[in-house]
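Throughout, read-outs are computed from the coordinates displayed, never taken from laboratory work. Worth saying up front: this structure is predicted, and the values here are computed from it rather than measured. Quick reminder, even Gly has a Cβ in these numbers, built from the backbone with ideal geometry, and neighbours come from all protein chains shown.
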Amino acid sequence: MNSSGILDEVFEKFTSNAGIFKDREVLRHDYLPERLPHREDQMRSLGQTVAPVLKSARCSNILLYGKTGTGKTAVTKYVLNHLEAKAKEFNAPVKVCFINCHLAGTEYRVFARLCQSLGVSVPFTGLSVGEVFDRFRTGLDSSKIIFIIVLDEIDALVKTRGDRLLYELTRINGALSNSKISLVGISNDLRLKEFLDPRVLSSLSEEEIVFGPYDASELKNILFWRAQMAFCDNALSDGALSLCAALAGAEHGDARRALDLLRVAGEVAERKGEKVVVEEHVREAEKHIEHNRVVEALKNLTLHSKLVVLSLFQLIKSNVHRVITGEIYEVYGELCGELGVTPLTQRRVSTLVNELDAIGLLNAQVVSMGRYGRTKKIRLEVTRTLIKEVFANDNRFGRLVKYEPKCVPKHTRGRS
């Protein structure tokens, strides 16, 4: 069969099969539903915090904490969408700008996005951050509004770029005559405060809301409500629904993971031409998602985090299965030299190791060395094959996969 014949068969099979889905988009984590079960308290708290803008008064800055998939972004969008609609009724001069800091990546892009939302022209590149900030401040003051800025995944920006952006934004109201801003920061990392200057922290966290993980029964309730909109009648077994909730509940209570599992399980059943999603499809979806999650996590690491992973990869390639931070740092320094980048301090690299441990790519365990004190033994939690798969075709990192570091200590070769 030729190539077009293969595709004709695939598409014909898909369109002729009885449907599994009514609307699969309902199961994507960026879908904003009409109701958010089990987040009523957080919605009320955020609503009460931002309500003063309806009377043209600046509201407090607020910081939202919680692990991925606990509803922070959904609640914020839901509340602020309603706030903007209500502000029109009251003729309150309120504007909201939502920015994902992980996607923006730099202070320049964040300020450029803020300028764009105000209709202020800023080139994609070419200006200093200070010039872009000045254009933003001037444009904002001439707008005569209360500007609510939502900085989602703010921890990603602070860890890689520092807190300069937050320092400028938390101080800007003193330089404005006709407008005011309020900040809503959303962080997936409960340790964000450790990375902030005390002056920034005191201004940013005037109010705080913590989002705890969902338990299995709450996840099942969320999935049940979404499934009614997403699946055709009788296309989803109760066992498959319960298993998705149980698996996600056991792993930090992540609603995004639960929704992804349910959607991919449905797609697995659909590809097999089956009419009902069952537990077997969920198990298959779990394996598929886990592989993709690790691949995406590796691809989205910062430059220096990738170098730390590759340093450990090189040590393990030399038959070192559990290494210490000092050994990683030595190889890391050599890899930095190969790429022509300035290495971070050993203390900062140790922090990166902790962060990689937190997202499950490494395992860093503190062990006692008796009278020699304590040290951290580190191992990879993903296979070397997967690391090769992710980095081998990367123009910058591909050659580092094949590189043989000169500094791998001779006595470690062959050590287990």
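What shape does segment 214-298 take by its C-alpha gyration tensor, where a ≥ b ≥ c are the square roots of the eigenvalues and a/c under 1.5 counts as rounded, a/b above b/c as prolate, and the rest as oblate? Oblate shape, in that a/c is at least 1.5 and b/c is the bigger or equal ratio. Taking a ≥ b ≥ c as the square roots of the eigenvalues of the Cα gyration tensor, segment 40-210 is classed as oblate, since a/c reaches at least 1.5 and a/b does not exceed b/c. Using a cutoff of 8 angstrom between alpha carbon atoms and counting only pairs six or more residues apart, the relative contact order for segment 40-210 works out to 34 percent. Shape of segment 112-266 from its Cα gyration tensor (a ≥ b ≥ c, root eigenvalues): rounded if a/c is under 1.5, otherwise prolate when a/b > b/c, or oblate? Since a/c reaches 1.5 and a/b is larger than b/c, the shape of segment 112-266 is classed as prolate.
Once the Cβ-Cβ distance of D238 and R35 is raised to the sixth power relative to R0 = 22 Å, the FRET efficiency obtained is 0.50.
The gain in end-to-end length when the R399 to T342 segment is fully stretched comes to 18.7 nm, 0.36 nm per residue minus the alpha carbon separation.
Taking the Cα centre of the chain as origin and assigning +1 to Lys and Arg Cβ atoms and -1 to Asp and Glu Cβ atoms, the resulting dipole is close to 1380 debye. Treating r as the C-beta distance of A51 and I6 and R0 as 60 Å, the FRET efficiency rounds to 0.55. Helices in the chain, meaning DSSP H runs of at least 4 residues, each add -39500 (n - 2.57). Divided by all residues, the mean residue ellipticity at 222 nm is -16500 deg cm²/dmol. For the chain, relative contact order (Cα pairs under 8 Å, six or more residues apart, normalised by length) works out to 17 percent.
Taking the structure as given and computing Rg and Dmax of the Cα atoms in Å, which label from [x] 22.9, 67; [y] 25.1, 85; [z] 24.7, 74 fits? The listed entry that was calculated here is [z]. Here E208 and T138 are evaluated by their C-beta separation; at R0 = 30 Å the FRET efficiency comes out at 0.40.
Among R39, R263, R191, which one moves the most in a GNM of the chain with springs linking Cα atoms closer than 10 Å? Looking only at R39, R263, R191, the biggest GNM fluctuation is shown by R191.
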